[in-house]
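Here's the structure, in structure tokens; my notes come after.
The values are calculated or read from the model by the stated rules, or taken from the named source; none is laboratory data. Note that the structure is predicted; figures quoted are calculated from it, not measured. Glycine gets a Cβ as well: all are built from the backbone with ideal geometry, and neighbour counts include every protein chain shown. The area values use the complete protein model at the heavy-atom level, side chains included, leaving out ligands, DNA and RNA. Shrake-Rupley method; radii C 1.70, N 1.55, O 1.52, S 1.80 Å.
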Amino acid sequence: MNWDYESPRKAYGETLVELGRERDDIVVMDADLSTSTKTAMFGAEFPERFFNVGLQEQNMMGIAAGLARSGKTVFASSFAVFATGRAYDQVRQSIAYPRLNVKIVATHGGITVGEDGASHQMIEDIGLMSGLPNMRVIVPVDSNEVRSVIRFVASEEGPFYVRLTRTALPNLTDGDFKFGKGAVMRDGLDMTIIATGIEVGYSLKAAELLKEKGIDVQVVNISTIKPIDKDIIVKSAQDTGLIMTVEDHNIYNGLGSRVAEVLSENYPVRMLRHGMRDIFGRSGRWDTLLSHYEMDEKGIAKVAENFYKGVKS
Amino acid sequence: MESINDEKVRELKLKANEIRKWVIKMVYAAQSGHPGGSLSAADILAVLYFHELRVDPKNPYWPQRDRFVLSKGHASPAYYAALAMRGFFPEEELLKFRKVESFLQGHPSLMVPGVDMCTGSLGQGLSAGIGMALAGKMDSLDYRVYVLLGDGEIEEGNVWEAAMTAATRKLDNLVAIVDRNKIQLDDFTDRMVELDPLEEKWRGFGWRVISINGHDIVQIMRALNEARKTGGRPTVIIAHTVKGKGVSYMENTPVYHGKPPQSEEEYEKALKELEEVRRGI
């Protein structure tokens, strides 16, 4: 956990280039955002295996399916809002249903897209993709994990959705990704914050602020949203008895909902879902937006403290 | 290509007739399904599966095989009949179409032996075909890719995204066939969306266009052969057809887009008419 900031998109682009050198079956697609998603790095080295189809997300997903059906391992990238929203039916019908070998790696997930505003801030993608049978959903916690996740999905047959953020992330792990497994990032006794993606770092910082208030917080990272790690969630509930989730996503159909399902079916305890509370975002610098929606360390600490005091008093 | 001789043409006419009979039997047994657009596409499917396509039913996923995508997935009865008649699976299965114990899903699924791509949500098949055509070129395989579209289907925007891309990528190993039967679910196409001038639209998108009578076996054979000679461009065959072709009360009648014969009497009448057609071949 060296907290060095690194761009997850760049880590994605670099890993694609490495995979391209190792394997001839790797094919990469984009829809006119390759300089932002960093798939252009692959395109520069392997132009014959790179298909930038222009502004055609729907067509891109269909072509990706046809390539996969012909034996290729296909990475298809765009911003999260277009990859999952604009092309949802193509992902459903042509990729998830036939369980084809397409890896949808979307960048610019969540409100941290920033200035572009609500039209580009995707806060429903985890829900959309998690609801699809055959689809597995991963939100890497940092750039080290991006590298191992991209290698993992390239080695596993079938469809995946990988959600990346636009902003640089602090490296909190050394990239020892285990599919379907959460990780305790910080021990604590009073309550557990379960977070995903960019919110894990903020939750760890919030835990430090809460320590000053006398609240000892455990922090759990969930990188694999589907299939979710039931055991670590139940164990946390048993250990601390109080769960709060934090995500850069709508609180409906995202991490919070998945955790609530696990708890209510297995070990019900009081919980609180925190994130975008069923509202669209707005323009602003990404860090000021996190502050505005109480999703930075101060905001998370405030929400957690109120929740803790409300339950314990 | 084999030369076009009378015996081959007669054989293909008989196959098309047999496909049409299966369509009626299947949708009647299932009490659901789409006879209109299946009957309009029967001649095209007969020529594809009994003349044009390089496929091996014993080795359905042979990498060198020609690919076929039924983008108008609701014509599954005609497609499944052609696959079964060609030997991909036993014909007995056809009467279990749309039933829970069968792999014959309402719309083409990868569960069905010989199906290259699942379809059903309209407008996506041409994109899948492009992916297959690109892969063929990447792997230096000489297989060809055929995609059958409905005319109502091409109201979907995804089709035109794909049309632009196929021309941009110079996919001369790709052939689209539009079953121009002029009827969609609710009404005649020209009362819903003006599709004409259809030939000019495809030409404008960079495709080579061949217009034919989609019920004339010789014209279908010639068009598919002609499509092989197009360097550097994808080919679209606009096949002018009659929805419900071969069953008098279904012909040019929007209501039979997605409805089986409505009575035992209607069912018998359809089979009797098709049998009369067979006798005349």
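Per DSSP helix of 4 or more residues, -39500 (n - 2.57); summed, then divided by the residues of chain B. What does that give at 222 nm, rounded to the nearest 500?
Helix contribution divided over all residues of chain B: -12500 deg cm²/dmol.
How many Cβ atoms of partner chains, on average, are near each residue of A:18-25 if near means within 10 Å of its Cβ?
1
Between B:PHE103 and A:SER313, what is the FRET efficiency for a Förster distance of 60 Å, r being their Cβ-Cβ separation, to the nearest 0.05?
Approximately 0.50, to the nearest 0.05.
Please report, largest first and rounded to whole Å, the three semi-axes of the ellipsoid equivalent to the protein assembly as shown, where each semi-axis is the square root of five times an eigenvalue of the C-alpha gyration tensor.
52, 25, 20
Considering only C-alpha atoms, what is the centroid distance from the stretch B:212-281 to the stretch B:65-112, in Å?
Comparing the Cα centres of the stretch B:212-281 and the stretch B:65-112, I get a distance of 18 Å.
Once the other residues with Cβ under 11 Å from the Cβ of A:THR224 are scored (Lys, Arg +1; Asp, Glu -1), what is the net sum?
That sum, taken over residues with Cβ under 11 Å, equals +3.
Per residue of the stretch A:289-305, what does 6.51 cos²θ - 1.76 cosθ + 1.60 with θ = phi - 60° give for ³J(HN,Hα)? Whole Hz please, x for Gly and Pro, Karplus curve as stated.
For the stretch A:289-305, the Karplus curve yields 5, 4, 5, 4, 9, 6, 10, 8, 4, 5, x, 4, 4, 5, 4, 5, 4 Hz.
Which whole number gives the average, over all residues in B:156-162, of C-beta atoms from other chains lying within 10 Å of the residue C-beta?
Mean partner shielding for this stretch: 5.
What distance in nm separates the simple spin-label points at B:GLU276 and A:LYS181, each placed 7 Å from Cα in the Cβ direction?
Rounded to a tenth, the inter-label distance reads 7.3 nm.
Expressed as a fraction of 2.2 N^0.38 Å, the rule-of-thumb size for a compact globular protein of N residues, what is the C-alpha radius of gyration of the stretch B:28-75?
1.37
Buried accessible area between B and A (1.4 Å probe, both chains summed, ligands and nucleic acids excluded), in Å² to the nearest 100?
Summing both sides, the interface buries roughly 2100 Å².
Counting only C-alpha contacts under 8 Å and six or more residues apart, can you give the relative contact order of chain A as a whole percent?
Relative contact order of chain A: 17 percent.
Starting from the 7 Å offset along Cα-to-Cβ, what nm value, one decimal, do you get for the label separation of B:LEU110 and A:ARG285?
4.7
Could you run the Karplus curve 6.51 cos²θ - 1.76 cosθ + 1.60 with θ = phi - 60° over the stretch B:124-134 and give me ³J(HN,Hα) per residue in whole Hz, x for Gly and Pro?
Each residue of the stretch B:124-134 in turn: 9, x, 5, 4, 4, x, 4, x, 5, 5, 5 Hz.
Which of the lysines could a cross-linker span from B:LYS21 if the Cα-Cα distance has to be under 21 Å and same-chain partners fewer than 8 positions apart are dropped?
Those lysines meeting the cut-off are B:LYS8, B:LYS13, B:LYS72, B:LYS96, B:LYS99, B:LYS243, B:LYS245, B:LYS259, B:LYS269, B:LYS272.
Leaving out ligands, DNA and RNA but keeping every protein chain, what accessible area does A:TYR88 have, in Å² rounded to the nearest 10, with a 1.4 Å probe?
The accessible area comes out at roughly 70 Å².
Set the Förster distance to 25 Å, then compute FRET efficiency between B:VAL218 and B:ASN252 from the Cβ-Cβ distance, nearest 0.05.
Working from the Cβ atoms, E equals 0.60.
Treating the angle as unsigned and between 0 and 90°, give the value, to the nearest 10°, between the Cα long axis of helix B:264-280 and the longest Cα principal axis of chain B.
60
How much length is gained on full extension from A:ASP116 to A:ASP278, taking 0.36 nm per residue of separation minus their Cα-Cα distance?
56.4 nm
Regarding the stretch B:113-177, what's the average projected area of the Cα-atom convex hull, expressed in nm²?
Mean shadow area of the hull around the Cα atoms is 4.5 nm².
I'd like the orientation of helix B:76-86 relative to chain B: the angle between its Cα long axis and the longest Cα principal axis, in ° from 0 to 90, rounded to 10.
80
Give me the Kirkwood hydrodynamic radius of chain B, using the inverse of the mean 1/r over all pairs of distinct Cα atoms, in Å to one decimal.
18.6
Using amide H atoms built in the peptide plane, which far-off residues or other-chain residues are under 5 Å from A:VAL246 H to H?
Long-range HN contacts for A:VAL246: A:ILE194, A:ALA195, A:THR196, A:HIS274.
Can you give the % of DSSP beta bridges in chain B that are antiparallel, to the nearest 5?
Looking only at bridges with both residues in chain B, the antiparallel portion is about 5 percent.
Students sometimes get this wrong: rank A:MET185, B:MET111 by accessible area, probe 1.4 Å, all chains present, largest first.
From most exposed to least exposed: B:MET111, A:MET185.
For helix B:157-168, report the angle its Cα long axis makes with the longest principal axis of the Cα atoms of chain B; keep it between 0 and 90° and round to the nearest 10°.
Roughly 40 degrees, rounded to the nearest 10.
Between B:GLN184 and residues 5 or more places away or on another chain, which pairs have amide H atoms under 5 Å apart, with H built 1.01 Å from N, and which residues are they?
HN-HN under 5 Å from B:GLN184: B:THR189.
Please give the net charge around B:VAL145, taking every other residue with its beta carbon less than 10 angstrom from that of B:VAL145, where Lys and Arg add +1 and Asp and Glu add -1.
Around B:VAL145, the charge tally is 0.
Give, as a single signed number, the net charge of other residues whose beta carbon lies under 12 Å from the beta carbon of B:MET250, with Lys and Arg counted +1 and Asp and Glu -1.
Combined, the nearby Lys, Arg, Asp and Glu give +2.
How many nm separate the modelled label positions at B:GLU11 and A:LYS213, each set 7 Å beyond the Cα in the direction of the Cβ?
Inter-label distance under the simple model: 8.2 nm.
Sorting check: for A:245-255, B:61-71, B:224-234, which peptide has the highest mean count of neighbouring beta carbons within 10 Å, and how do the rest follow?
Put in order of decreasing packing, that is A:245-255, B:61-71, B:224-234.
I need the Kirkwood Rh of the stretch A:183-312: take the reciprocal of the average 1/r across all distinct C-alpha pairs and report it in angstrom.
Computed over Cα pairs of the stretch A:183-312, the Kirkwood hydrodynamic radius comes out at 14.4 Å.
Send over the semi-axes of the stretch B:1-83's equivalent ellipsoid, whole angstrom and largest first, taken as the square roots of 5 times the C-alpha gyration tensor eigenvalues.
23, 17, 10
Given contacts defined as C-alpha pairs under 8 Å and at least six residues apart, what's the relative contact order of the stretch B:94-158, whole-number percent?
22
How well do other chains shield peptide A:93-100, expressed as the mean number of their Cβ atoms within 10 Å of each residue Cβ?
5
Explain nothing, just compute: Karplus ³J(HN,Hα) = 6.51 cos²θ - 1.76 cosθ + 1.60, θ = phi - 60°, for every residue of the stretch B:43-57 in order, whole Hz, x for Gly and Pro.
Running phi through 6.51 cos²θ - 1.76 cosθ + 1.60 with θ = phi - 60° gives 5, 4, 5, 4, 5, 4, 7, 10, 8, 8, 6, 8, 9, 10, x Hz.
Using the crude model of +1 on Lys and Arg Cβ and -1 on Asp and Glu Cβ, and no other charge, please compute the dipole size for the stretch A:183-312 relative to its Cα centre, in debye to 20.
Dipole of the stretch A:183-312, to the nearest 20 debye: 240 debye.
What does the convex hull of the Cα atoms come to per residue for the stretch A:1-157, in Å³?
In the stretch A:1-157, the Cα convex hull volume per residue is 111 Å³.
Once you compute Rg and the Kirkwood Rh from C-alpha atoms, what is the Rg to Rh ratio for chain A?
0.97
What residues have an amide H closer than 5 Å to that of A:LYS226, excluding those fewer than 5 places away on the same chain, when H is modeled at 1.01 Å from N in the peptide plane?
A:VAL137
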